[in-house]
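The values are calculated or read from the model by the stated rules, or taken from the named source; none is laboratory data. Because the structure is a prediction, the values reported are computed rather than measured. Here the Cβ is made from the backbone with ideal geometry for all residues, glycine too, and neighbour counts use every protein chain on show. These accessible areas exclude ligands, DNA and RNA; they are computed on the full protein's heavy atoms, side chains included. Shrake-Rupley method; radii C 1.70, N 1.55, O 1.52, S 1.80 Å.
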Amino acid sequence: MSGKRVFVVDAGGRGNAIAHAFARSGAVEKVFVAPGNAGSEMIDKCRLALVQGKPPKTIREMLAFAKQERIDLTFIGPEGYLSDGIVNTFHENDLRILGPKKEAATLENSKCTTKELLKGLNVPVPPCQNFEHPDDAREYARQFFSENPGQGLVVKADGLAAGKGSIVCSTEDETISTIDRIMVNPKLFGRAGERIEIERRLDGRELMFFALSDGRTVRPLESALDYKQAFSSDESVAVRLFNKLSSNPNLNNNPNTGGMGGFSPHPWLDEELTEKIMDRIAGPTVRGFREATGHEYVGVIYFGLMISEEKEPSVLEINVRLGDPETQVILPRLETDFFDISIAMLEKRLDSIQLKWSRDYCLGICAISGRAIKPLSSGGSGERPGYPGEHYTNMPISGLDRVDPEVLVYHNGTAFSQDAAGNKKLFTTGGRVLTLVARGRSLADARTKAYDNIKRIRFNGMRYRRDIGLGYV
Ligand code: GLY
């Protein structure tokens with residue numbers, strides 16, 4: 001029997017880590033990645049998917065590629081293709097693909113519908129209400145703050161907003177201005193903000209919980225503690241400068257990012273809490289969704305949770321995909337064959353699969369394109385606030401050859417290009433550039449190795465948080 005050919009659709013570090021997990025399978029001969037990045041080509045067995053020299057981008061092009069390359073399994077990373085129905089299209093063409101169909105991807109692409117569904121299923125959610133008209137939303141905010149001084153609200157655009165659609169508000173003025181900016185002017189998230197959800201801000205600790213579902217059986221994945229804010233708590237000067245350069249009037253706002261790093265296993269997600277989340281949230285959501293809609297949820301399901309001081313979980317949001325950079329620190333710990341798991345999910349035999357995890361720790365640091373202090377003479381001038389704000393791209397990256405061989409470097413935003421002398425060189429293409437992942441028998445080992453290695457990588461304006469894992473070693 002010839003080796004299996006896998007197609008991973010993803011552009012970032014998450015996609016590198018997914019491709020790497022498939023490449024470790026003895027059954028897999030080749031992994032194609034689209035659109036991928038320079039890192040996709042640096043993993044054993046992995047290649048960029050190309051059609052006539054260009055990466056396939058539309059669902060139609062992806063389908064043509066999968067047929068032409070006789071792909072045995074396609075795995076979708078980002079939510080956009082899922083919402084647009086890539087799984088439906090592949091199924092119509094009798095191709096194997098892992099991810100929820102577009103009917104199930106509504107769990108991420110309509111926050112309002114999902115919260116209504118969860119309330120109906122008695123899955124715990126914060127007190128919340130949906131609005132289609134800004135007058136009603138403003139009135140709700142006024143009443144809330146008059147009855148609950150000192151509390152806060154979270155205003156959420158209903159649709160997909162590249163992870164930026166939830167805005168935490170502490171005052172009535174801030175909430176009303178947020179409602180207006182989403183629903184009236186400038187319509188921050190376009191049509192995704194035509195409907196909004198307003199929910200009460202809960203106290204507690206946030207937890208990202210990942211599980212696999214074959215539509216019937218739901219299995220938890222290992223989890224990771226992630227670092228969302230751009231700066232650590234001792235970087236107040238940098239926070240103020242960031243806001244000044246971003247023209248943000250709130251100079252002390254530490255901005256949220258897609259993720260600045262993390263580590264796995266999670267330090268306080270124990271067996272008891274996992275069981276509670278599975279029994280009260282993950283299981284009922286998948287079962288209830290099937291009963292309410294007639295559609296099965298197949299794929300990764302990712303719950304953004306708030307855990308109260310009493311260790312009670314509430315669902316803030318659901319995503320239909322893996323997280324980035326969480327995937328980069330979770331999947332390297334997976335010892336069970338990822339191709340076997342994926343096929344078991346498609347064949348509805350997830351109950352027959354035992355997920356085995358390494359006892360090692362993995363710690364990941366994202367190197368981002370921060371403020372460029374010395375713009376290159378060839379491009380760019382002046383200061384930019386850096387990711388998640390405006391940042392430089394097209395900066396040459398060096399030092400990867402000095403990273404220890406056992407340390408993983410997953411690429412988020414890189415490409416090969418020619419330098420001035422015509423040599424093939426690695427350049428930055430995005431705000432998050434690389435996720436460097438080190439493993440160790442203890443978190444302290446993994447942390448030391450990761451920080452020791454990231455220092456060897458360089459690009460103009462490179463920045464990373466210095467406190468990933470600090471306080472847990
Ligand atoms: N790291 C957060 C996310 O992928 O949504």
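Summed over qualifying helices (DSSP H, 4 residues or more, each -39500 (n - 2.57)) and divided by its residue number, the chain shows a 222 nm mean residue ellipticity of -8000 deg cm²/dmol. Taking the accessible area of the stretch 1-154, probe 1.4 Å, and keeping the other protein chains in place, the carbon and sulfur fraction comes to 47%.
For the stretch 309-422, what is the accessible area per residue in Å², given a 1.4 Å probe and the full set of protein chains?
It amounts to 46 Å² per residue over the stretch 309-422.
In plain terms, the bigger the Kirkwood radius, the slower the diffusion; for the stretch 52-174, with that radius from Cα pairs, at 25 °C and 0.890 mPa s, Stokes-Einstein puts D at 141 µm²/s. In order along the stretch 430-441, the phi-based Karplus estimate (6.51 cos²θ - 1.76 cosθ + 1.60, θ = phi - 60°) of 3J(HN,Hα) comes to x, x, 8, 9, 9, 10, 8, 10, 10, 10, x, 5 Hz; Gly and Pro are listed as x. Shape analysis of the chain based on the Cα gyration tensor places the equivalent ellipsoid semi-axes at 33, 30, 22 Å, largest first. Excluding Ala238 itself, calculate the net charge of residues whose Cβ lies under 9 Å from the Cβ of Ala238, where each Lys or Arg counts +1 and each Asp or Glu counts -1. Result for the local shell: +2. Multiplying each eigenvalue of the alpha-carbon gyration tensor of the stretch 44-117 by 5 and taking the square root yields semi-axes of 26, 12, 11 Å, largest first, rounded to whole angstroms.
Computed with a 1.4 Å probe over protein heavy atoms only, the accessible surface of the stretch 57-152 comes to 48 Å² per residue.
Taking the Cα centre as origin and putting +1 on Lys and Arg beta-carbons and -1 on Asp and Glu beta-carbons, what dipole magnitude results for the chain, to the nearest 20 debye?
It comes to approximately 1620 debye.
Calculated on C-alpha atoms, the gyration radius of the stretch 166-243 divided by its Kirkwood radius gives an Rg/Rh of 1.08.
The value obtained for the stretch 1-52, namely the Cα convex hull volume divided by the number of residues, is 66 Å³ per residue.
For the stretch 199-293, give the percent of accessible area contributed by carbon and sulfur heavy atoms, probe 1.4 Å, rounded to a whole number.
On the stretch 199-293, the fraction of accessible area on carbon and sulfur atoms equals 44 percent.
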